[in-house]
Amino acid sequence: MGLGLLGRGVGDAEFLAQCGAEVIVTDKKSEAELAESVAKLKKYPNITFHLGEHEEKDFTNADMVIKAAGVPLDSPEVAAARAAGVSVVMSTALFAKYAMEAGAKLVGVTGTRGKSTTTQMIYEILKAAGKKVLLGGNVRGISTLAMLPLVEKDTIAVLELDSWQLQGFGDLKISPNISVFTNLMPDHLNYYHGDMGAYLADKAEIFLHQGPADFLLVGEQCSKLILDTYTGKIKAQRHIVHVENLPLGLRLRIPGEHNRLNAACALRVLRILDISDDEIKSGLESFEGVEGRLQLVREVNGIKIYNDNNATTPEATIAALRALGKNTTLIIGGSEKGLPLEELVATIKTNVSHLILLAHENYKGSVRLADSLQKEKVAFEEANTLKDAVDGAMRPAQKGGIVLFSPAFASFGMFKNEYDRNDQFLEVVKEMGAAA
């Protein structure tokens, strides 16, 4: 249920088809919209496509429904399947269930911000240490379910888990052996109808089914809320992670206090997994970051260009601006999530020297931000394309300065998704840099 354009659904369907299952792929998007994904699956005679709409019989006559992340739990199709006694599962949770039954150890990382960076830190250092390690979850283009044949008893699976994927863990009543909860900030409130409690409840599935031999690491920002809310319900060994847990002499390549907290979380996980401090230090100090997360793309004419495409909330952009310091030229804007903008505008006033706002007819977030900026008498210029935005940002930037692309909003409207936005930005910078 939900093929999508990110590759994970394609990988799930392909894996199941290769296992001999009769697979019905259904998505409300049309075949034209999903052309790239559909093309990869056309060779399988045991895959049937029902696109452009959902048919109830597909859900009531199936043996199992695999629901894509982000499909609402209260959708009528999910309700119809469950009423018919059909199991509704999610692919990452299904992988986790069978991997743990096979004796693998699972590390799960969630949080509003920092989960990708923390996950990648843990994975890369385990890999460098010679461990048999798999990377999955909310990772672009990777079907976690399709990794099942690679699982052995001594495998460590490191999973980045968003709130939607964790719904599947709740359904199966499972949690990872080692769980990391980096922080909790307002996000996806359009999906959760403004209910932060519902957002936290989904994320809490990362620890609610742990046992006394398991570990829960909670970042200091959200530790009190989580421990107070779930008093008596946490069975794992609990550890609160502070930035101060990271040795002061450790030099990270990636900037920002938030990244030091990510590294502190990774360090605690790696110590639990018996990785030596020397290996951890070497790995953290050589870690170059994750694409789209405060990523230094290149330097052009003495101007450093950072890609922070995956900053889809005001808090994420605020963290990037604070990490890079003042006198930054910022490209921002996107579709609405309904999150507060006051602190973002205040940070822009103090840290941004020139502001470019992405404008599009569907970008209600940009419209609301423009209103807030005008009320605070903050100057900005608008751009209708990423190329115009980058060109506009480079013009006033001085040698030794910074251009930061950190949208603070979702991508839909101007782009297919945030990955499309990321790729288009990198392509614009690549072409502009070559010309320079």
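The values are calculated or read from the model by the stated rules, or taken from the named source; none is laboratory data. All values reported here derive from a predicted model rather than from experimental measurement. When we count neighbours, we look across all protein chains shown, and the Cβ atoms used for this are built from the backbone with ideal geometry, even at glycine. Surface areas here come from the heavy atoms of the whole protein model, side chains and all, with no ligands, DNA or RNA. Shrake-Rupley method; radii C 1.70, N 1.55, O 1.52, S 1.80 Å.
Data for the structure
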quantity	calculated
Added length on full extension, which subtracts the Cα-Cα distance from 0.36 nm per residue, Asp371 to Arg395	6.2 nm
Heavy-atom accessible area order for Arg368, Arg253, largest first, 1.4 Å probe	Arg253, Arg368
Portion, in percent, of the accessible area of the chain that falls on carbon or sulfur, probe 1.4 Å	49 percent
Square roots of 5 times each gyration tensor eigenvalue, C-alpha, the chain, largest first, Å	35, 28, 21
Protein-only accessible surface order, largest first, of Cys19, Cys222 at 1.4 Å	Cys19, Cys222
Spin-label pair Tyr191/Glu220, simplified geometry with 7 Å Cα→Cβ offset, distance in nm	2.9 nm
Rounded to the nearest 20 debye, dipole of the range 113-185 from Cβ charges on Lys, Arg, Asp, Glu	100 debye
Residue (of Val78, Thr110, Ala68) at the positive-pole extreme of the range 28-134, dipole from beta-carbon charges	Thr110
Stretchable slack from Glu244 to Lys416, in nm (0.36 nm times residue separation minus alpha-carbon distance)	57.9 nm
The range 210-229 versus the range 295-334: alpha-carbon centroid distance in Å	31 Å
FRET efficiency estimate (nearest 0.05) - Cβ-Cβ, Leu296 to Lys326, R0 22 angstrom	0.80
Distance between the range 363-412 and the range 1-79 - C-alpha centres, whole angstrom	37 Å
Antiparallel bridge percentage (DSSP; both residues within the chain; nearest 5)	15 percent
Net length gained if the chain between Lys173 and Ser286 were fully extended (0.36 nm per residue, minus Cα distance)	37.0 nm
Where only alpha carbons of the range 231-274 are counted, the Rg and the Dmax (Å)	12.5, 39
Cα extents of the range 314-430 along the three principal axes, largest first (Å)	33, 32, 22
Among Gln210, Gln398, Gln165: highest mean-square fluctuation, GNM of the chain, C-alpha pairs under 10 Å	Gln398
Two-site label geometry, Ala102 and Lys364: point separation in nm, points 7 Å out along Cα→Cβ	4.4 nm
Of Lys387/Lys416; Lys364/Lys416; Lys304/Lys416; Lys203/Lys364; Lys304/Lys349, pairs whose Cα-Cα distance is over 24 Å	Lys304/Lys416; Lys203/Lys364
Pair Asp278, Glu31: separation of 7 Å Cα→Cβ label points (nm)	6.1 nm
Theoretical ellipticity at 222 nm over the chain - DSSP helices of four or more residues, -39500 (n - 2.57) apiece, nearest 500	-11500 deg cm²/dmol
Calculated diffusion of the range 87-246, Stokes-Einstein form, Kirkwood radius summed over Cα pairs, 4 °C and 1.567 mPa s, µm²/s	82 µm²/s
Percent of C-alpha pairs per 5 Å bin, the range 171-324, short to long	2, 8, 15, 18, 18, 17, 12, 6, 2, 1, 0, 0
Note, ³J(HN,Hα) from phi for the range 133-149, Karplus 6.51, -1.76, 1.60, rounded to Hz, x at Gly and Pro	10, 10, 10, x, x, 7, 10, 4, x, 10, 7, 5, 4, 5, 7, 3, x
Exposure ranking of Arg251, Arg421, Arg8 by accessible area [1.4 Å probe, largest first]	Arg251, Arg8, Arg421
